[in-house]
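The structure appears below as structure tokens.
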């Protein structure tokens with residue numbers, strides 16, 4: 001190795017790490033330069049590059065790449081415990097110094113580059129969300145706007161226009177105009193009404209996330225113009241399933257029914273199960289106004305009290321709803337299964353069906369449990385097959401982690417009078433297992449046709465898995481992370497081990513957070529959580545735009561037509577993933593608000609909960625009965641001075657050595673509720689056990 005080559009390697013080493021500093025021994029170790037001669041070459045290279053100004057030396061005699069004073073732009077992100085980072089476009093993260101930062105989390109900012117991976121705030125380039133929701137408050141004789149978004153940590157000064165002024169306690173939509181003084185200035189866009197009113201709060205969430213509320217007139221007109229009648233010519237082009245037993249199983253309050261099952265027994269003793277999905281792509285044509293609006297929305301949004309549908313009601317609740325005793329057009333995946341649930345053959349194509357019965361989940365579950373009722377034998381057989389599919393899925397690596405879904409019973413004013421956990425029973429799982437089968441086999445069928453739409457779930461980051469391993473070890477559980485299959489089996493053992501225990505929800509939640517997020521993509525990397533090499537979304541085109549595309553790709557594959565280019569599908573997958581995240585965030589916001597509102601109405605009393613989070617400023621507790629969460633502030637735990645031990649996931653008293661760990665059972669009282677911030681403070685009564 002020559003001096004010239006060593007110098008080139010040293011230059012490359014520092015170029016790849018522009019904000020880090022190293023001593024000579026570290027450089028030699030990274031380059032694998034061992035022995036006296038190699039060490040001398042590295043030392044000489046460091047000296048030469050220092051002399052030529054490529055490197056500079058720190059106060060502690062370490063070397064780093066010299067960076068001229070320059071500027072960069074990136075996204076502002078908060079640091080846990082305080083402070084800010086700026087993430088540049090290339091992924092580099094810089095720590096902001098302690099100067100004043102006139103921007104909010106997520107904003108694009110300009111910074112001046114400094115040494116050692118640090119930077120100084122210069123200005124805000126663009127407010128990510130210039131419009132925000134706030135409550136009008138008074139303080140110190142001044143009127144301010146208190147933002148609803150917890151990422152906006154400062155009040156704003158209102159700029160009054162010519163319109164009516166809101167009153168104290170009103171909720172408003174505002175727009176940030178500038179930030180020159182101590183606080184940002186904002187103009188009032190719309191007065192929503194009195195904070196705390198149900199309609200005002202739900203409307204505020206819709207506006208906060210930029211959700212569409214009404215369909216354009218052109219879209220509604222196009223939907224209304226679609227003929228309701230199914231012509232004999234269209235029926236002739238399809239497989240006719242109208243004489244085959246077909247039914248739907250849906251929630252009691254469902255207004256649209258986009259999937260149905262059909263059932264037959266063959267002379268061989270095998271079973272034919274049809275998964276029939278509303279043929280949305282037949283009605284929503286590419287290039288139409290309906291299609292453009294559906295793509296823009298990309299998904300239906302389900303808030304606590306309302307649905308913001310992807311398609312107009314003419315389609316979602318009528319033409320594409322598989323209502324009983326009506327002929328309906330479908331795209332179907334039909335499977336022949338033996339008595340062990342093994343797939344014998346499959347068929348995909350367009351069909352016409354006639355549902356004989358609409359079951360609610362509760363009705364179907366009662367029939368499964370009692371063995372009595374309409375089509376009891378059919379439901380029992382389907383349930384037995386679903387169990388076989390489920391067992392095989394878990395044996396092949398599917399991970400069985402679930403978190404409770406919270407539902408509310410609202411009175412006529414929208415006030416939550418009851419919060420409860422939704423229980424998933426066999427009737428729910430039966431439908432789920434056949435939908436998973438259809439989605440899985442559809443993805444495989446499309447995989448040879450060209451660029452396709454997949455629902456992917458990348459394998460978790462190994463560092464997150466090791467962190468999860470350390471977390472569950474505190475509860476006495478072990479994880480085997482030697483390979484993907486061992487990890488999946490180990491996670492399933494963990495799921496079974498915590499079932500019914502106080503720590504179940506917190507372990508499930510932390511495990512799910514350690515996973516990657518499922519997204520839509522043209523690049524198939526499989527679905528880690530389900531253990532599927534191929535997976536897509538075929539079964540809900542009424543509420544998910546990617547499913548519409550999958551139906552269109554199915555048609556092209558069956559007719560031998562070319563698929564669209566990958567670049568177009570890739571961009572549409574990206575858009576739909578972003579819209580899905582927006583919808584999920586809005587749904588969580590509506591649930592969180594109703595949970596906090598529900599706590600505000602709770603009668604005084606003691607409630608049992610589980611420690612769900614620990615921070616330097618308090619202990620979060622989730623009530624077992626309804627999963628509403630609040631915080632016990634550290635300042636209120638006056639029996640001792642508690643400190644957080646992050647490595648052990650526990651809070652410990654310095655004098656008493658009393659500990660509170662994630663998953664511990666406690667009794668609490670509701671002390672204070674802040675509807676604006678969607679926060680609740682609890683008072684600790686005692687630790688249980």
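None of the figures in this text is laboratory data; all of them are computed from the coordinates on show. Because the structure is predicted, anything quoted here is derived from the model rather than measured. Cβ sites come from the backbone with ideal geometry, for glycine too, and all protein chains shown count toward neighbours.
The table for this structure:
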| quantity | calculated |
| --- | --- |
| Cα coordinate range in segment 1-129, projected on the principal axes (Å, largest first) | 57, 28, 26 |
| Radius of gyration and Dmax over the Cα atoms of segment 3-65, both given in Å | 10.4, 29 |
| Overall form of segment 266-417 per C-alpha gyration tensor (a/c, 1.5; a/b vs b/c) | oblate |
| Over segment 3-65, relative contact order from alpha-carbon pairs under 8 Å, at least 6 apart, % | 44 percent |
| Relative counts (whole %) of C-alpha pair distances in segment 602-687, using bins that are 10 Å wide | 19, 54, 24, 3 |
| Residues residue 428 and residue 659, FRET efficiency given R0 of 41 Å [Cβ-Cβ distance, rounded to 0.05] | 0.60 |
| Cubic angstrom per residue, convex hull over Cα atoms of segment 85-177 | 111 Å³ |
| At 1.567 mPa s and 4 °C, Stokes diffusion of segment 469-600 via Kirkwood alpha-carbon radius, µm² per second | 71 µm²/s |
| Rule-of-thumb Rg ratio for segment 355-429 [Cα; 2.2 N^0.38 Å; N residues] | 1.43 |
| Cα-based convex hull volume of the chain per residue, rounded to whole Å³ | 232 Å³ |
| Mean Cα-pair separation over length for the chain, i.e. relative contact order, pairs under 8 Å, 6 or more apart, % | 9 percent |
| Over segment 282-431, relative contact order from alpha-carbon pairs under 8 Å, at least 6 apart, % | 15 percent |
| Compactness of segment 397-530 as Cα Rg over 2.2 N^0.38 Å, two decimals | 1.26 |
| Kirkwood-Stokes translational diffusion coefficient of segment 204-322, alpha-carbon pairs, 25 °C, 0.890 mPa s, µm²/s | 147 µm²/s |
| Rounded if a/c under 1.5, otherwise prolate or oblate - segment 202-260, Cα gyration tensor axes | oblate |
| Surface/4 of the Cα convex hull for segment 138-266, nm² | 15.4 nm² |
| Kirkwood Rh, Cα atoms: Rg over Rh of segment 543-689 | 1.26 |
| Value of Rg to Rh for segment 71-126 (Rh from inverse mean 1/r over Cα pairs, i.e. Kirkwood) | 0.90 |
| Cα-based Rg / Dmax (Å) for segment 75-230 | 20.1, 71 |
| Two-decimal ratio, segment 131-195, of alpha-carbon radius of gyration to 2.2 N^0.38 Å | 0.99 |
| Crossing angle, helix 36-51 versus the chain [Cα axis fit, 0-90 degrees, rounded to tens] | 80 degrees |
